[in-house]
Amino acid sequence: MKFIAYTVKGLEQIAAGEIENNIINSKIEELGDKFVVFNADIHDINLDKLKTIDDIGIVILQLKKPKKLIAQDLVEEVINLNLTETTAQIQNFRNLDNTFSITLSISSLRIKKLDLQNNLATLITKKYSWEYTPLNHSNFDIRLFLNRKIGFVSVKLARESLHKRKYKEYSSMGSLKPTVAAAMIFLLTDKREENVVDNFCGSGTILAEAFNLGLNIYGGDIELLNVLNTNKNLTNLSFKNSKNIKQLDATKTNWPSNYFDLVASNLPWDKQVGVESITNLYIDSLKEYQRILKPNASLCLLVHKPQILIKYAKKYFPNHKIQSTKISFTGQSPTIVLIKSF
Ligand SMILES: C[S@@+](CC[C@H](N)C(=O)[O-])C[C@H]1O[C@@H](n2cnc3c(N)ncnc32)[C@H](O)[C@@H]1O
């Protein structure tokens, strides 16, 4: 059966790797901006294991030449499908009631989304006698994902989007999407039991994802409220060492020297969390990370000013190789900078 996994732009390769490693006999068919299409047996999919994927849907239609399509064509294509068959497939995963919703992810096409949504909702209601819920997408959610090059219609497997994590009860300003946090850990290591530190922990998303993957976690934040929120979120994962998460200034901590194997941090940026000088913060926190890290340690930093960070990363980590990946999600385009020892 054909599936589509939706992910953050820039993380498609990591998501494809996760699919291959976790879904037995899966075969990647196609990969593009924000999606990975793959074949697998529905019974082999364990959604809990997929950490970098936002959502998975069963592909019910692949649209040819999407740039030529107008809204009416799309409505006809979808209404001609047999959605009753798909409800039976989704019921392998969860119960459904007789409601449905529509999600439109349409870019670079001149299609009036509201008209399309309303027409489709009216015709599906008429054909199947299901009730349309425009705001609740946890039911039978039909997603139209298209741009000038590709077009897929899919139905969501899970009730909740996979990027929503149960542990994340508290969020601070600038809190990171958990799927991005998980991808940062995948980029850093595939080992367990290593010591990872995040001195800009916010509400602790990176630490929570690292803990879930079996790493020993340490960190803190300059704001006490964020430290408390991180500890509350981590308690939801049965984390016991709350003393490892403390209020600190990332530019001068009291962590021991040469102690940590890894750093994973999402550094503040002007619009999100005000700081006086980003350049000084980058310099001073890199210097401090250099002090508390073992010589062959690796760092994965999510930043909005990669050129500045890379300039000073070369200075403080001269024996490391640096690789950067621009990602984009919810209107932001930060860069993941990976600093690995040779
Ligand atoms: C982008 S947020 C981190 C968000 C976090 N990854 C999450 O998912 O919640 C950056 C954090 O750095 C903290 N911060 C700013 N300057 C700091 C400093 N000098 N030392 C430690 N933390 C600092 C802010 O309070 C903020 O929580």
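DSSP beta bridges fully contained in the chain are about 60 percent antiparallel. Remark on ASP55: its backbone amide H falls under 5 Å from those of TYR6, LEU162, a criterion applied only to residues 5 or more positions apart or on other chains, H modelled at 1.01 Å from N.
With angles folded into 0 to 90 degrees, how steeply does helix 278-292 sit against the dominant principal axis of the chain? Use alpha carbons for both and round to 10. Long axis of 278-292 versus the principal axis of the chain: about 70 degrees. Scanning the chain for GluC sites (Glu not before Pro) in DSSP loops with at most 11 neighbouring Cβ atoms within 10 Å leaves 1-192 as the longest stretch between them. If you plug the beta carbon distance of LYS305 and LYS166 into 1/(1 + (r/R0)^6) with R0 = 56 Å, you get a FRET efficiency near 0.95.
Per residue, the average separation of C-alpha pairs within less than 8 Å and at least 6 apart gives the chain a relative contact order of 14 percent.
Going by the alpha-carbon gyration tensor, a ≥ b ≥ c the square roots of its eigenvalues, is region 195-264 rounded (a/c under 1.5) or, if a/c is not under 1.5, prolate (a/b greater than b/c) versus oblate? Verdict is oblate for region 195-264.
The helix-only estimate of mean residue ellipticity at 222 nm for the chain, built from DSSP H runs of length n ≥ 4 each weighted as -39500 (n - 2.57), is -9000 deg cm²/dmol after division by the residue total. Of all DSSP beta bridges confined to region 178-341, the antiparallel ones make up roughly 50%. Note on region 248-310: Cα-only Rg and Dmax are 11.7, 34 Å. How far is helix 12-22 tilted off the main Cα axis of the chain, in degrees rounded to 10, range 0 to 90? For 12-22 against the chain, the angle is about 80 degrees.
Sequence-distant contacts, meaning Cα pairs under 8 Å at least 6 residues apart, place the relative contact order of region 2-156 at 26 percent. The simple Förster model, with R0 at 45 Å and r as the Cβ-Cβ distance, assigns LYS49 and THR84 a FRET efficiency of 0.95. Of the residues MET173, MET184, the one with the fewest other Cβ atoms within 10 Å heads the list, and the complete ranking is MET173, MET184.
Length gained on full extension, SER257 to MET1: 87.0 nm, using 0.36 nm per residue less the C-alpha separation. The ARG94 and LEU225 beta-carbon pair, evaluated with R₀ = 35 Å, returns a calculated FRET efficiency of approximately 0.45. Each label was represented as a point 7 Å from its Cα along the Cα-to-Cβ direction; for SER333 and LYS315 these points are 2.7 nm apart. Each residue in THR330, THR52 was given a count of other beta-carbon atoms within 10 angstrom of its own, and listing them fewest first yields THR330, THR52.
The mean sequence distance of close C-alpha pairs (under 8 Å, at least 6 residues apart), as a share of the length of region 131-209, puts its relative contact order at 24 percent.
Each semi-axis of the equivalent ellipsoid for region 178-341 is √(5λ) with λ an eigenvalue of the Cα gyration tensor; in descending order they amount to 21, 18, 16 Å. Restricting region 84-181 to trypsin sites (Lys or Arg not before Pro) that sit in a DSSP loop and have at most 10 other Cβ atoms within 10 Å of their own Cβ leaves ARG110, LYS166. Relative to its Kirkwood radius, the Cα radius of gyration of the chain gives an Rg/Rh of 1.02. Anisotropy class assigned to region 2-156 is oblate, per the alpha carbon gyration tensor with a/c at or over the 1.5 cut-off and a/b no larger than b/c. Could you pull out the pairs from LYS34/LYS127; LYS34/LYS168; LYS232/LYS326; LYS27/LYS177 whose alpha carbons sit more than 29 Å apart here? From the list (LYS34/LYS127; LYS34/LYS168; LYS232/LYS326; LYS27/LYS177), the Cα-Cα distance tops 29 Å for LYS34/LYS127; LYS232/LYS326.
Readers should treat all values here as calculations from the given coordinates under stated rules, not as data from a laboratory. All values derive from a computational prediction rather than experimental measurement. With ideal geometry, Cβ positions are generated from the backbone for all residues, glycine too; neighbour counts draw on all protein chains shown.
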